[in-house]
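> Dropping a structure here in structure tokens format, bear with me for questions.
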């Protein structure tokens with residue numbers, strides 16, 4: 001029996017997260033991020049974030065927004081609780097061929113985030129789905145990090161060839177480097193004005 005070869009993060013695509021245990025026989029809830037949640041059962045082996053440990057899932061049902069599944073080797077509730085929160089990945093070659101204009105959310109990491117007027121807003125440092133829909137985290141030009149929903153309204157354009165996305169962030173997040181510089185200067189000025197003790 002051959003062991004799965006370690007895969008770099010670029011080779012892995014996030015497809016699900018293991019949730020809470022259900023019952024006493026090792027069944028778990030699973031949050032699937034695939035377009036059709038039931039597709040999760042067609043990938044065969046799934047992997048943890050390192051790509052070294054594999055999991056085989058058998059989909060047993062569906063409950064609200066989650067799938068119900070049995071994981072090979074997980075036979076009781078205690079074992080099921082130990083794998084809660086583990087993110088499940090597939091290797092890129094396991095995924096079906098994408099249609100033109102389609103992409104994996106994980107491919108957003110590293111792209112420039114630009115505003116509608118072309119100004120650089122920041123760089124995408126994380127793309128994930130925590131259960132309420134995909135989100136991206138952007139490291140702004142002022143050094144701060146902000147998370148925004150990955151929706152058509154917020155991210156109307158993705159151009160992998162140019163290495164950028166176009167973002168329409170909420171107004172309260174439209175902070176440029178000049179604003180950040182002013183904040184720092186105000187803080188420093190306030191410190192100077194504090195009376196000595």
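The values are calculated or read from the model by the stated rules, or taken from the named source; none is laboratory data. Computed from a predicted structure; not experimentally measured. Counting neighbours? That spans all protein chains shown, and the Cβs are built from the backbone with ideal geometry, glycine included.
> Tell me whether region 112-120 contains one or more residues that are without any contact (Cβ under 8 Å) to a residue 40 or more places away in the chain and either in a helix (DSSP H, G or I) or closer than 20 Å to residue 86 by Cβ (or both).
no
> Hey, can you tell me all the residues within region 21-44 that are modelled with pLDDT of 85 or more, closer than 23 Å to residue 127 by Cα and touching a helix residue (DSSP H, G or I) at 6+ places or on another chain (Cβ under 8 Å)?
Scanning region 21-44 gives 30, 32, 43.
> Given the structure, is residue 131 exposed (fewer than 15 other Cβ atoms within 10 Å of the Cβ), at pLDDT below 70, part of a loop (DSSP other than H, G, I, E, B) and under 22 Å from the mean Cα position of the chain (by Cα)? Before you say what the answer is, go through the steps one by one.
On the way: exposed (fewer than 15 other Cβ atoms within 10 Å of the Cβ): yes; at pLDDT below 70: yes; part of a loop (DSSP other than H, G, I, E, B): yes; under 22 Å from the mean Cα position of the chain (by Cα): yes.
So residue 131 passes the test.
> Same structure again: Given the condition touching a residue at least 12 places away in the same chain (Cβ under 8 Å), more than 30 Å from residue 159 (Cβ to Cβ), in a strand (DSSP E or B) and in contact with a strand residue (DSSP E or B) (Cβ under 6 Å, 6 or more places away or on another chain), answer yes or no: does some residue in region 29-36 qualify?
Taking region 29-36 and keeping what is touching a residue at least 12 places away in the same chain (Cβ under 8 Å), we get 29-34.
Next cut, more than 30 Å from residue 159 (Cβ to Cβ) only: 29-30.
Next, from what is left, pick out any that are in a strand (DSSP E or B): 29-30.
This time we only want the ones that are in contact with a strand residue (DSSP E or B) (Cβ under 6 Å, 6 or more places away or on another chain), so: 29-30.
Yes, region 29-36 has at least one match.
> In addition: Is it true that some residue in region 136-151 is in a loop (DSSP other than H, G, I, E, B), outside the structural domain of residue 65 (by TED's automatic domain parsing) and under 21 Å from residue 14 (Cβ atoms)? So that I can check it myself, show each step before the final result.
Within region 136-151, the subset in a loop (DSSP other than H, G, I, E, B) is 141-144, 150-151.
Within this subset, residues satisfying the condition of being outside the structural domain of residue 65 (by TED's automatic domain parsing) are 141-144, 150-151.
Those still in the list that are under 21 Å from residue 14 (Cβ atoms) too: 150-151.
Yes, the conditions are met somewhere in region 136-151.
> Sticking with this structure for a sec: Looking at residue 24 and the list (1) in a loop (DSSP other than H, G, I, E, B); (2) on the phi < 0 side of the Ramachandran plot; (3) touching a strand residue (DSSP E or B) at 6+ places or on another chain (Cβ under 9 Å), which single condition is not satisfied?
(3)
> In the list 5, 99, which residue meets the criterion of being surrounded by fewer than 17 Cβ atoms within 10 Å (Cβ to Cβ) and either under 25 Å from residue 155 (Cα atoms) or at pLDDT 90 or above (or both)?
Details: 5 fails: either under 25 Å from residue 155 (Cα atoms) or at pLDDT 90 or above (or both).
Only one candidate qualifies: 99.
> Would you list the strands (runs of 3 or more DSSP E) that sit entirely within region 38-95 and hold 3 or more residues that are crowded, with 18+ Cβ neighbours inside 10 Å?
On the way: elements: 45-47, 54-63, 66-71, 87-91.
Of the strands (runs of 3 or more DSSP E) lying wholly inside region 38-95, those with at least 3 residues that are crowded, with 18+ Cβ neighbours inside 10 Å span 66-71, 87-91.
> Out of 18, 13, report the one residue that is part of a strand (DSSP E or B) and modelled with pLDDT under 85. First the steps, then the outcome.
Details: 18 fails: modelled with pLDDT under 85.
Testing whether each residue is part of a strand (DSSP E or B) and modelled with pLDDT under 85 leaves just 13.
> Those residues that are within 18 Å of residue 82 (Cβ to Cβ) and crowded, with 20+ Cβ neighbours inside 10 Å, I need them from region 28-37; list them, please.
Pass one, region 28-37, residues within 18 Å of residue 82 (Cβ to Cβ): 28-31.
Passing the criteria: 28, 29, 30.
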